Amino acid sequence: MMKAPPRSTKVEFERRLLAVQAWLIEGNTHAMVLKNIIDQKWSNSKRHAEKMIQLARERWIDFEDESLDKKRKFKIQELKHMKRSLAQEYRTTPEGIKALLSIEKEIIKLEGLSIKKIEISGDEEKPLQVKHIPSDVDYTKLSNEVLEKIVLARKPREDE
């Protein structure tokens, strides 16, 4: 009977979780992270490795957040990692600066810091009104002559 390896200490387990987080942030697939955990002999079972991945993700994402919010936070972490991992020799080149700026723009968008406000206004006495009047007529089945007669028969609206 094969003897199980000794349990890792809390410090070692935390170090492993940080490594799993780094793999996830680097954009490795779930399957690749799973394989890395098993190859490192941090887990003997797929189930335990899955739990490690889940716990690593939850460490920087709160349980109460919505799914979309979790994905956004995860993407922000990936982008920040990309910024940090750009080699020092490229940081001062025009291409490197351009890459850093485009990453920063994406982070700003995801964090909601670049809100664009669009305001549509009309006359104060006659504010804009939007009406949607559904039609039960299938105009594609009408001939061109009938369509022309309909257009000519329309009364102009007062606001036209």
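Kindly indicate which of GLU89, GLU95 is under 30 Å from ARG15 (Cβ atoms), part of a helix (DSSP H, G or I) and acidic (Asp, Glu).
Just a single option satisfies the conditions, and that option is GLU89.
List every residue pair whose Cβ atoms sit under 6 Å apart, with the two residues 6 or more apart in sequence or on different chains, where the first one lies in the stretch 33-60 and is closer than 23 Å to LYS75 by Cβ and the second, anywhere, is part of a helix (DSSP H, G or I) and not hydrophobic (A, V, I, L, M, F, W, C).
Between residues of the stretch 33-60 that are closer than 23 Å to LYS75 by Cβ and residues that are part of a helix (DSSP H, G or I) and not hydrophobic (A, V, I, L, M, F, W, C), the close pairs are ALA56/GLN21.
Could you grab the pairs with beta carbons closer than 6 Å, sequence gap of 6+ or different chains, first residue in the stretch 111-133 and under 30 Å from ARG72 (Cβ atoms), second one open to solvent by less than 100 Å² (accessible area, probe 1.4 Å)?
So the pair list comes out as SER114/ILE108.
Would you point out which residue out of GLN54, GLN77 is within 19 Å of the chain's Cα centre (by Cα), modelled with pLDDT of 75 or more and assigned by the TED database to the domain that holds GLY27?
GLN54
Is there a residue in the stretch 102-119 that is at pLDDT 80 or above, touching a helix residue (DSSP H, G or I) at 6+ places or on another chain (Cβ under 9 Å) and among the β-branched types (Val, Ile, Thr)?
Taking every residue of the stretch 102-119 in turn, at least one turns out to be at pLDDT 80 or above, touching a helix residue (DSSP H, G or I) at 6+ places or on another chain (Cβ under 9 Å) and among the β-branched types (Val, Ile, Thr).
Pick from the stretch 98-140 the residues that are of a type in the set (A, V, I, L, M) and assigned to a helix (DSSP H, G or I): which of them is surrounded by the fewest Cβ atoms within 10 Å (Cβ to Cβ)?
Among those residues, the one meeting the criterion is LEU101.
The values are calculated or read from the model by the stated rules, or taken from the named source; none is laboratory data. Note that the structure is predicted; figures quoted are calculated from it, not measured. Positions of Cβ are generated from backbone atoms using ideal geometry, with glycine treated the same way; all protein chains shown enter the neighbour counts. Keep in mind that these areas ignore ligands, DNA and RNA; they rest on the heavy atoms of the full protein, side chains included. Shrake-Rupley method; radii C 1.70, N 1.55, O 1.52, S 1.80 Å.
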